[in-house]
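The values are calculated or read from the model by the stated rules, or taken from the named source; none is laboratory data. Note that this is a predicted model, so its numbers are computed, not measured. In this analysis, Cβ positions are derived from the backbone assuming ideal geometry, glycine residues included, and neighbour counts consider all displayed protein chains. Note: areas computed on protein heavy atoms with side chains; ligands, DNA, RNA excluded. Shrake-Rupley method; radii C 1.70, N 1.55, O 1.52, S 1.80 Å.
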Amino acid sequence: MSQYNLRSRRPLKAEPGGLTPAGEVEPSVGRGAGIEPSVETTSSSSTLLSVGDGQLFLMLLTVRLLNAAVVQTAHVPDEYWQSLEVAHNMVFGYGYLTWEWQAGLRGFTYPLVFAALYKILAVFRLDSVTLLVLLPRLLQGLFTALCDLQLYKVTRKLHGKGVAQWTLLCQLLSWFMFYCGPRTLTNSMETVLTTAALYYYPWPQEASTRVSSKQLVTYLSLAALSCLVRPTAAIMWIPLCILHLVTSRSKLHTFALHFIPVGLGALAWSAVVDRIFHGKWVLVQYNFLEFNVLSNLGSFYGSHPWHWYLTQGFPVTMATQLLPFVFGAVKLWRKQKLVLFVILWTVMVYSFLGHKEFRFIMPVVPLAMISCGLWLHWLSPWLRFTTMAFLLVTNLPLALYTSLVHQRGTVDVMSYLSQEADRHGRDMSVLFLMPCHSTPFYSHVHHNISMRFLECPPDLERRPGYMDEADIFYQNPSEWLKNNYGPDVPLPTHLVMFNTLHLDVEDFIAEKQFSKCAEYFHTHIPLESRLGNYVEVYCQQEAT
């Protein structure tokens with residue numbers, strides 16, 4: 001007699017690690033495709049995670065909500081300026097939209113998630129600064145928990161439960177996922193959507209089973225949504241979709257009834273949403289790719305050598321998990337070449353782009369954890385325990401330091417300015433004498449006061465010798481202040497700067513009768529000369 005899953009009432013099939021619902025592809029399926037089945041080697045390996053997917057998600061959600069609450073630092077400007085600041089402007093009618101939004105390079109699909117959250121808070125009059133800052137991060141923490149669960153499920157589908165549980169533990173121990181996962185970055189959401197789509201993707205070992213239309217539409221929809229959130233997600237999905245189409249039994253049917261409708265539907269959604277909020281018809285996906293890839297204007301914000309992701313980017317994101325990844329890659333090549341190919345392909349293509357950042361390759365980190373999980377599953381219990389302990393003691397301190405200590409001053413100062421705005425109201429004005437977008441903005445102040453920062457838009461016309469406002473300021477800070485705040489120009493009530501700038505502007509501070517009214521620790525290790533260890537606030541004497 002068949003056994004049944006009491007929750008889903010689906011018949012269960014036996015597999016080496018226990019029972020699995022019928023319809024979920026077993027690791028042993030597809031020997032003909034050259035994929036070796038996963039074999040559970042120890043009883044402890046198969047019983048470590050004995051809870052159902054629902055219970056597992058609740059556990060992961062608890063972990064990621066705590067993770068989100070712990071993050072108190074700033075990583076990159078985009079986590080505010082391309083999500084929360086836009087959402088604040090959409091709901092409350094004031095805020096700053098950077099040049100990308102004016103040029104139509106960004107879509108409103110991702111900020112719309114937080115705009116909906118802000119709108120709910122506004123309707124119920126709960127839009128305090130605390131909730132406006134905390135709840136979006138908790139929401140992204142929820143999405144990251146879903147990413148963890150889908151990684152576990154796709155690994156279980158490909159390699160069995162034993163490998164899946166070690167893959168999940170590696171994901172949870174990753175300092176980089178802890179640091180970036182709950183941040184309101186398009187890269188974080190791209191990672192969530194990509195990992196979820198990979199679970200529904202028709203992997204080669206499913207060739208002997210009939211993949212439902214619902215599964216195909218689900219994976220294509222999630223993949224398309226990831227490209228709407230961040231168009232460069234197409235780098236990963238182009239080869240995967242081509243492989244799916246080439247290996248499909250009915251190519252024309254698959255293309256006409258799945259690829260075309262989902263693709264057109266995604267573009268229609270993007271076009272309508274962006275038409276509403278941009279106020280005109282705009283194809284942001286093309287504009288984004290044209291700026292960052294075809295024209296390579298993204299290098300205005302810094303360029304790196306072609307090997308940067310291989311020598312710095314990927315090793316830093318993986319940290320001590322790089323060794324398990326390398327050892328596991330040998331087994332991954334034998335068991336599931338496609339996963340390793342996707343990792344290498346994505347890193348290779350990104351290497352051809354001039355502007356590089358750690359977060360750009362965030363979507364391959366969960367895939368890399370599959371390689372780590374494979375190696376850990378192969379180890380003896382004692383070596384596995386030793387390795388996991390090593391990963392814990394090397395990743396946890398780094399995760400906590402970067403999330404609680406490193407670069408927190410630019411966030412803390414905004415809380416102070418919000419409190420000052422409670423006191424002074426619209427009479428308050430702030431001038432940020434810092435590299436552009438160093439701090440969050442109205443989403444962290446929630447008062448419609450006058451605030452100015454040094455702007456740094458690229459020169460879309462490519463004029464020779466172009467310098468942005470921030471560069472002009474740092475060439476001669478005193479001269480810039482003299483030219484912009486002469487006798488007839490009202491002074492700001494508050495100046496915000498890094499401590500390294502003080503000597504360059506001390507004459508202006510003394511002449512205009514500013515005094516230091518607050519100071520916040522920022523970092524032990526400034527990453528560039530314009531940054532400092534502390535963020536300082538200077539107030540006009542009548543404003544203190």
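Inspection of the stretch 412-433 finds a residue satisfying the criterion of being open to solvent by 60 Å² or more (accessible area, probe 1.4 Å), without any contact (Cβ under 8 Å) to a residue 40 or more places away in the chain, touching a His at 6+ places or on another chain (Cβ under 9 Å) and not hydroxyl-bearing (S, T, Y). Does the stretch 293-310 include one or more residues that are under 30 Å from F92 (Cβ atoms), open to solvent by 40 Å² or more (accessible area, probe 1.4 Å) and not in a helix (DSSP H, G or I)? No, the stretch 293-310 contains no residue that is under 30 Å from F92 (Cβ atoms), open to solvent by 40 Å² or more (accessible area, probe 1.4 Å) and not in a helix (DSSP H, G or I). Here's a check for you: in the stretch 56-76, which residue that is assigned to a loop (DSSP other than H, G, I, E, B) and open to solvent by less than 50 Å² (accessible area, probe 1.4 Å) is farthest from Y534 (Cα to Cα)? Residue satisfying both the conditions and the ranking: V71.
Go over the candidates L391, L374, L398, L367 one by one and state the one that is closer than 30 Å to T232 by Cβ, surrounded by fewer than 21 Cβ atoms within 10 Å (Cβ to Cβ) and of a type outside the set (D, E, K, R). Exactly one of L391, L374, L398, L367 is closer than 30 Å to T232 by Cβ, surrounded by fewer than 21 Cβ atoms within 10 Å (Cβ to Cβ) and of a type outside the set (D, E, K, R), namely L398. Regarding G95, is this residue over 30 Å from V51 (Cα atoms), assigned to a loop (DSSP other than H, G, I, E, B) and open to solvent by 10 Å² or more (accessible area, probe 1.4 Å)? Against the criterion (over 30 Å from V51 (Cα atoms), assigned to a loop (DSSP other than H, G, I, E, B) and open to solvent by 10 Å² or more (accessible area, probe 1.4 Å)), G95 qualifies.
Among the residues of the stretch 511-544, those identified as within 22 Å of M428 (Cβ to Cβ) and of a type in the set (A, V, I, L, M) are A518, V535, V537, A543. Figure legend. Inter-residue proximity from the stretch 171-182: first residues at positive phi, second residues at pLDDT 95 or above and not polar (S, T, N, Q), beta-carbon distance below 6 Å, spacing 6+ or different chains. No pairs are indicated.
Please go through the stretch 241-250 and give me each residue that is surrounded by fewer than 13 Cβ atoms within 10 Å (Cβ to Cβ) and more than 28 Å from the chain's Cα centre (by Cα), ordered by number. Result: V246, R249, S250. In the stretch 97-115, the residues that are under 24 Å from M451 (Cβ atoms) form Cβ pairs under 9 Å with partners that are open to solvent by 40 Å² or more (accessible area, probe 1.4 Å) and among the β-branched types (V, I, T), at six or more places apart or across chains, as follows: F108/I276.
Looking only at residues in the stretch 498-544 that are over 27 Å from the mean Cα position of the chain (by Cα) and of a type in the set (K, R), the one that is surrounded by the fewest Cβ atoms within 10 Å (Cβ to Cβ) is K516. Scanning the stretch 457-480 for residues that are in contact (Cβ under 8 Å) with a residue 40 or more places away in the chain, of a type in the set (A, V, I, L, M, F, W, C) and open to solvent by less than 70 Å² (accessible area, probe 1.4 Å) turns up just one, F473.
Counting only helices (runs of 4 or more DSSP H) that sit completely within the stretch 98-183, those holding 2 or more residues that are surrounded by 24 or more Cβ atoms within 10 Å (Cβ to Cβ) and hydrophobic (A, V, I, L, M, F, W, C) correspond to 129-159, 161-173, 175-180. Condition (residue is within 22 Å of the chain's Cα centre (by Cα), among the hydrophobic types (A, V, I, L, M, F, W, C) and under 30 Å from V393 (Cα atoms)) applied to the stretch 291-311: is it met by at least one residue? Yes, the stretch 291-311 contains a residue that is within 22 Å of the chain's Cα centre (by Cα), among the hydrophobic types (A, V, I, L, M, F, W, C) and under 30 Å from V393 (Cα atoms).
The sole residue among L400, L417, L392, L367 that is more than 25 Å from N187 (Cα to Cα) and among the hydrophobic types (A, V, I, L, M, F, W, C) is L417.
If you go through the stretch 271-278 one residue at a time, do you hit one that is charged (D, E, K, R), under 30 Å from A87 (Cα atoms) and either open to solvent by less than 50 Å² (accessible area, probe 1.4 Å) or touching an Asp or Glu at 6+ places or on another chain (Cβ under 9 Å) (or both)? So far as the stretch 271-278 goes, yes, one or more of its residues are charged (D, E, K, R), under 30 Å from A87 (Cα atoms) and either open to solvent by less than 50 Å² (accessible area, probe 1.4 Å) or touching an Asp or Glu at 6+ places or on another chain (Cβ under 9 Å) (or both).
Here is the figure for the stretch 410-460: residues that are outside any helix (DSSP H, G or I) and within 25 Å of I472 (Cα to Cα) total 24.
When A256, A266, A319 are checked against the criterion of being without any contact (Cβ under 8 Å) to a residue 60 or more places away in the chain and open to solvent by less than 40 Å² (accessible area, probe 1.4 Å), a single residue qualifies: A266. Applying the set (1) among the β-branched types (V, I, T); (2) in contact with a Phe, Trp or Tyr (Cβ under 8 Å, 6 or more places away or on another chain); (3) free of Cβ contacts under 8 Å to residues at least 12 places away in the same chain to I361 leaves exactly one unmet item: (3). Taken over the stretch 232-251, the residue count meeting the criterion of being free of Cβ contacts under 8 Å to residues at least 60 places away in the same chain, assigned to a helix (DSSP H, G or I) and not charged (D, E, K, R) is 9.
Only one of the numbered conditions (1) open to solvent by 90 Å² or more (accessible area, probe 1.4 Å); (2) touching a residue at least 40 places away in the same chain (Cβ under 8 Å) is not met by Y286, and that is (2).
Scanning the stretch 485-501 for residues that are modelled with pLDDT under 95 and either over 15 Å from F432 (Cβ atoms) or part of a helix (DSSP H, G or I) (or both) gives G486, P487, D488, V489, P490.
Counting the residues of the stretch 325-363 that are touching a Ser or Thr at 6+ places or on another chain (Cβ under 7 Å), over 19 Å from A234 (Cα atoms) and at pLDDT 95 or above gives 3. From the list Q205, Q215, the lone residue that is surrounded by 15 or more Cβ atoms within 10 Å (Cβ to Cβ), modelled with pLDDT under 90 and assigned to a helix (DSSP H, G or I) is Q205.
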